[in-house]
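Peer 1: For reference, the structure I am asking about is given below.
Every number in this text was worked out from the coordinates using simple rules, so none of it is lab data. Because the structure is a prediction, the values reported are computed rather than measured. All Cβ positions, even for glycine, are placed from backbone atoms using ideal geometry, and neighbour counts span all protein chains on display.
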Amino acid sequence: MFDYDPYLRLSKFPLIWCAGCGDGIILKALIRAIHKVGLTQDNTCLVSGIGCSSRLTGYMDFNTLHTTHGRALTFATGVKMARPELNVIVVTGDGDATAIGGNHFIHAARRNIDMTVLIFNNFIYGMTGGQVSPTTPRGKKGSTAPYGSFENTFNISGLAEAAGASFVARTTVANATQVELYIKKAIEKKGFSLVEIMTQCPTAFGRRNRLGAAVDMLRSFAENSVSISKARSMTAEELEDKIVTGVLVDTDRPECREEYQKLIESVRQS
Amino acid sequence: MPRFCDCRYFAQTRDATRKLGVRSGSENQDGTVEMNVDSKTRVITGNEACAEGAVVAGMRFYAGYPITPSSEIAEILSYELPRRGGVFIQMEDEIASMGAIIGASLTGAKSMTATSGPGFSLMQENIGYAAMAEVPCVIVNVMRGGPSTGLPTLPSQGDVMQARWGTHGDHPIIVLAPFSVAETYEMTIRAFNLAEQFRTPVILLLDEIIGHVNEKVRLPEKSAIKIIDRIKPNNSPQDYLPYQHTGSGVPPMANFGEGYRYHVTGLAHDETGFPTNSSEEIEKLLDRLHKKIDRKRDEIVEVETYLMDDARIGIVSYGSSGRSSRSAVRLAREAGIKAGLLRLKTIWPFADKEIKKLGSGIRHWIVPELNLGQIAHEVEWATGSRVPVTKINRVDGNPISPLDIVEIIKRVN
């Protein structure tokens, strides 16, 4: 049985998350991935923003930085640029990363700065009580959308790909093994690596939208997941309301801090 | 050159100055005119002095976003920092710039950003984070006219209150305001020293005049400059408390990546750095945050007096308005009026004690500033309204002329 304890600050337990929250599945998958890659706690920095997902950093026995709302990637950029030997992992949510922090998300991906970003996409602002987010599906209710959301949603992974991320994967907490695998691949990949993880918020999203208990939401993730290879042969209509999972992008592009190091060396020689 | 300015950008200004020769024989701060130009004398702007001072102070991380009238600071540092192995990065906005310098500082790099009014507004939330999480950093604001986009190329001193209270909640802050190019250099170094000593953000308020004016300077030798670095923990990582209630109020600071794993948050936290809802812990934290600055207030606050000993009319001013005030005092003295100047080198903490003590013989205060009276109110408070305070204000993008001040001196005399 895997021993999570060495990576945790057990004195900070119990977790702040509600019963049935999917974030704990990601926490455990992250620890397993870190263990498998072999990152050391001293040489790893976990950075988060504000929201339920971002409370993860407090429970992890690493260099941990819980920042302001939406700005985790900016703090992480400072950490990585100033001390490139640190492995940087950013933990954020759909509202944190793509609403208030959307601009930073685009630019961190564009720079292709070497960090792993986990977006916990639960389609809602959970911590503040269930307001709609940029990923709340049209028609679904939030505390600020009592008649259902009338807005279009972000395709987070598509956004990261377009902005220039070198690794993009999408999965759901219904497949914990895959979450672990993609986080591991993301950590191992040089450059900006995103894993978008769909996770359930039974308290603020499921309850309001009559999606059942946590287990029902997990089952729905599993039933609606379509692998990227299968999705390629499906029509847009068939893919509506489906979650396309898999490694969506895996490419090599110049990495920001390495390019800066080259610049330092070239100007120092001249 | 065996001096610290032995890099190309700064060398260019030195060479240019040499070619300028006697053309740089301008009036010094003390009223004398010095015509000799030797190899150590240069003509540079305040923005240049700021960039050079930062490098000398040990700054090795700069993140910023272009904005007039501060952009030269970024441009110079984009050239200089890579040559020294330091990091320059242009971020996507000022919010990101502020976040990046906090992140970098946590790894041990002395960090800075520079901006002007609109960008300074955007930085406010993260400035509060730096105050709460006690992350040393320097924020330069080359003030321009506001509100809003305002007057990008024209001077103002409209951000002195924003520098004090721009971020939400009660927080301590240190704000410095130089009045010359030479002083910009010294104060930039001091800003880093204070940031490191107190684990706090320090704001350097230039204004467009100070940022862009060309002045002759003789910068001190590096050996004559005192550099302060943050105190690192001397106990084991197991015993390390990142927010310990130490006697000085300033906890030792470990760098990320050096074996001291700890948690940093903008939430109210206890000595371990973790969020707390305990009223007792919250009170202890906020009390310490304020007291670490308050108890050293007398060391932090600096004023400069000019002909104050027998003065009956006192001027309180700062930054570029301090220059006009100095000339006005000299002109008033020539007219036989006992005027003096008390110039604020630190804006915050406020020099109330100094104004009371050094101004005991003053029967009328005059406060010239490029805003509608932000510091004048502080002077009224400091003097307990026992002495009349006359404001001289401009917000039209023009500096206050010495003659404008002389006219008021004569009127109240």
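Peer 1: Taking the Cα centre of the range B:8-224 as origin, sum charge times position over the Cβ atoms of Lys and Arg (+1) and Asp and Glu (-1), and report the length of that vector in debye to the nearest 20.
Peer 2: Here the range B:8-224 has a charge dipole of around 680 debye.
Peer 1: Another question, then. For the range B:280-321, list residues with backbone N below 13 Å from a point placed 7 Å from the Cα of B:S360 toward its Cβ?
Peer 2: B:309-310
Peer 1: Determine the dipole magnitude for the range B:79-132: charges of +1 sit on the beta-carbon of Lys and Arg, -1 on that of Asp and Glu, nothing else is charged, the reference point is the Cα centre, and the result goes in debye to the nearest 20.
Peer 2: It comes to approximately 320 debye.
Peer 1: Here's something else I'd like to know. I'd like the distance between the alpha-carbon centres of the range A:91-142 and the range B:178-203, rounded to an integer number of Å.
Peer 2: What the calculation gives is 38 Å, centre to centre.
Peer 1: How much FRET efficiency would the formula 1/(1 + (r/R0)^6) give for A:D3 and B:K222, where r is the Cβ-Cβ distance and R0 is 51 Å, rounded to 0.05?
Peer 2: Approximately 0.45, to the nearest 0.05.
Peer 1: Suppose every K and R has +1 on its Cβ and every D and E has -1 on its Cβ; what is the size of the dipole of the range B:305-412 about the Cα centre, in Debye to the nearest 20?
Peer 2: It works out to roughly 260 debye.
Peer 1: Can you give the angle from 0 to 90° between the axis of helix B:8-20 and the longest principal axis of chain B, with both taken from C-alpha atoms, to the nearest 10?
Peer 2: Approximately 10 degrees, to the nearest ten.
Peer 1: For a quick check of your reading of the filter: which GluC sites (Glu not before Pro) in the range B:145-244 sit in a DSSP loop and have no more than 12 other Cβ atoms within 10 Å?
Peer 2: Answer in residue order: B:E221.
Peer 1: Okay, next question. Among B:I409, B:A100, B:W348, which residue has its Cα positioned farthest towards the positive end of the charge dipole of the protein assembly as shown, with +1 placed on the Cβ of Lys and Arg, -1 on the Cβ of Asp and Glu, and the dipole taken about the Cα centre?
Peer 2: Checking the options against the dipole of the protein assembly as shown, the answer is B:I409.
Peer 1: I'd like the Karplus ³J(HN,Hα) series for the range A:155-165: coefficients 6.51, -1.76, 1.60, θ = phi - 60°, whole numbers in Hz, and an x wherever there's a Gly or Pro.
Peer 2: Taking θ as phi minus 60°, the curve returns 9, 4, 5, x, 4, 5, 5, 4, 7, x, 5 Hz for the range A:155-165.
Peer 1: Using the structure shown, list the pairs from A:K185/A:K262; B:K292/B:K353; B:K40/B:K222; A:K36/A:K189; A:K36/A:K190; B:K110/B:K216 with a Cα-Cα distance above 20 Å, or answer none.
Peer 2: From the list (A:K185/A:K262; B:K292/B:K353; B:K40/B:K222; A:K36/A:K189; A:K36/A:K190; B:K110/B:K216), the Cα-Cα distance tops 20 Å for A:K185/A:K262; B:K110/B:K216.
Peer 1: Charges on Cβ only, +1 for Lys and Arg, -1 for Asp and Glu, centred on the Cα centroid of chain A; of A:F205, A:Y182, A:S48, which one is farthest towards the dipole's positive end?
Peer 2: My answer, from the dipole projection, is A:F205.
Peer 1: Using only Cα atoms, locate the centre of the range A:143-199 and the centre of the range A:242-270, then give the distance between them in Å, rounded to an integer.
Peer 2: Cα centroid of the range A:143-199 versus Cα centroid of the range A:242-270: 20 Å apart.
Peer 1: Can you figure out the FRET efficiency of B:S385 with B:W165, using R₀ = 25 Å and their beta-carbon distance, to the nearest 0.05?
Peer 2: 0.70
Peer 1: For chain B, what is the Kirkwood estimate of the hydrodynamic radius, computed as the reciprocal of the mean inverse distance between distinct Cα atoms, to one decimal in Å?
Peer 2: Answer for chain B: a Kirkwood hydrodynamic radius of 22.0 Å.
Peer 1: Another question about this same structure. Convert each backbone phi in the range A:188-200 into a coupling constant with the Karplus relation 6.51 cos²θ - 1.76 cosθ + 1.60 (shift: θ = phi - 60°), then list the ³J(HN,Hα) values in order as whole Hz, x for Gly and Pro.
Peer 2: 6, 7, 7, x, 7, 10, 10, 10, 8, 10, 6, 9, 8
Peer 1: Here is a follow-up. Between B:E334 and A:L263, how high is the FRET efficiency from 1/(1 + (r/R0)^6) when r is the Cβ-Cβ distance and R₀ = 45 Å? Nearest 0.05.
Peer 2: E(calc), rounded to 0.05, equals 0.20.
Peer 1: Here is a further query. Average partner chain C-beta neighbours within 10 Å, per residue of B:78-91?
Peer 2: Partner-chain Cβ atoms within 10 Å, mean over residues of B:78-91: 4.
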